[in-house]
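These notes concern the structure reproduced below.
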Amino acid sequence: MLTIKNLHKSYKHGTNTTHVLKGINLDIEEGSFVSILGRSGSGKTTLLNVLSTLLEFDKGSIHIDGQNISKLGTRKINVIRNNYIGFVFQEFNLVKDMSVLDNVATPMILNGVRFKEARERALVALQQVGLEQYAKVRPVELSGGQQQRVAIARAIVNDQKIILCDEPTGALDDYTAVEILKLLKQLSETRTVIMVTHDEEFAKKYSNRIIMLVDGNIVKDDILEDIPVKAPSQKRKLSDHRAGFLNLFTYSFVSMDIDKKKFGNTFRTFSISLTLFIVVSIINQNLDVFTKRYLDFFVQSEVADRNIILDFIYQFLEQNITQLIQVILYILIGFCIVSYLFVFTINIITKKREIAVLKAFGASQEEIGILFMLRPIKFTMAIFKDTLLYTFILMLLLNGVFDFQAILYVEYYDFVVNIVQVIYGTLLSFTINIDSPLIDFHIHYLHVLPIFFIVLVLFMIGSLIPAYKISRSNTIRMLATE
């Protein structure tokens, strides 16, 4: 299943070079459970990460199921990784804001499998690890052992032939660790399991082969038990399928979640700013009506004559109101954009590990860029949902939904009728895009849709740039450290 010849790997730190792997030669058969042991810095995790294609190597060759991956390009490496290699990390590396089911389905989704089918197969994988009842919960609601089982389900959902485990029991108590190792032992009957561990006792009990590394060299290679002779499995025909736009679009919705406790005030300010932008635009289009209804107080001769300050305010507003409104609008929309870029750039930076996981399961830079570009759609819809609510309330108030004069004259019927007329007129104006005679200020969906699409495009561009930049960097090394 795996052949390694004269494998070398080194790290450069400025002018210094650290030679980590020094000519490794290995043959690992299908159906093996191999444990790699060694002290910290011995090269065991580096070896695992090179085998997983998460790290490039200096020289030598690696053959997976007879295919030399040493000369393959990035896209072909992604295909090999998605079809052959499943990962089980010490830190689980599950996407916290996504359900367990969708975490497990991720490799399938990235491999172009339709969303419904990917979820069905993910549920089967969860049944194999005994967690189908937790399909709809989020990983943070599970214990460490349960999260590791989810990670194992994700590692086998695409029928991967090789399971690479980096200290899979390191963050677990002994009882839970035994359960995980039993599960891996069971999986090794049909797959090849390679595990890096510090625990020699566990390695001897559950694996059938132990490899000891010291200073980048194999110093011991013990076969603990013979691997049952089986007919070799049929060589897999690689499926070079991209995730596809529809998969990425759907995935962007299920994986999009921002910490509202952390950014809630920013979201609220954003919605209010957009609300004021829309309402002030409507006032600007109906300036004569607004002046007559709300500013006539200033031009009453009795008031104006008695207070020169009020007269000055009115004259100033009358002469400069349009320019003033335009300035306010530009400030508001500018503030919205800056707020958004700040929030989403921070959010994308916090998603570096998620980006690394996506790359580990075969996602290309372009697919990651598209995914993060699509995520603002859900965010923008949530923002505009609040914006429409705030706008509707302000429009009701602007149209005088509460006729307090009727209350003063004890005309409760007229008061209620006025409320019904204003609400009905505002809804009619918005939904049918007509000027209802029941109200003075009209909001049409055509007022909102252009703003929605302009903001959405700005958001998408604002997300694409940092996401694509981060995906181009070597974020995958976050998963490949020792």
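Quick notes on this structure:
- Each pair of Cα atoms in the stretch 138-220 enters the Kirkwood radius, and Stokes-Einstein at 4 °C and 1.567 mPa s then converts it into a translational diffusion coefficient of 95 µm²/s.
- Placing +1 on the Cβ of every Lys and Arg and -1 on the Cβ of every Asp and Glu, with nothing else charged, gives the stretch 89-151 a dipole about its Cα centre of roughly 120 debye.
- Kirkwood Rh, Cα atoms: Rg over Rh of the stretch 1-150: 1.02
- Debye, to nearest 20: dipole size of the stretch 86-226, +1 on Lys, Arg Cβ, -1 on Asp, Glu Cβ: 680 debye
- Rg/Rg_ref, the stretch 131-183, where Rg_ref = 2.2 N^0.38 Å and atoms are Cα: 1.14
- Low-density loop cleavage sites - chymotrypsin sites (Phe, Trp or Tyr not before Pro) in the stretch 409-449, where at most 16 other Cβ are within 10 Å (DSSP): Tyr409
- Length added when fully stretched, Asp27-Tyr424, from 0.36 nm per residue minus Cα-Cα: 135.3 nm
- Sequence-distant contacts, meaning Cα pairs under 8 Å at least 6 residues apart, place the relative contact order of the stretch 2-243 at 29 percent.
- Trypsin sites (Lys or Arg not before Pro) restricted to DSSP loop in the stretch 109-202 with at most 11 other C-beta within 10 Å: Lys136
- Only Lys, Arg, Asp and Glu carry charge here, each on its Cβ (+1 for the first two, -1 for the last two); on that basis the stretch 2-243 has a dipole of about 1000 debye about its Cα centre.
Only the coordinates and a few stated rules stand behind these numbers; no lab work does. None of these values were measured; they are calculated from a predicted model. Counting neighbours? That spans all protein chains shown, and the Cβs are built from the backbone with ideal geometry, glycine included.
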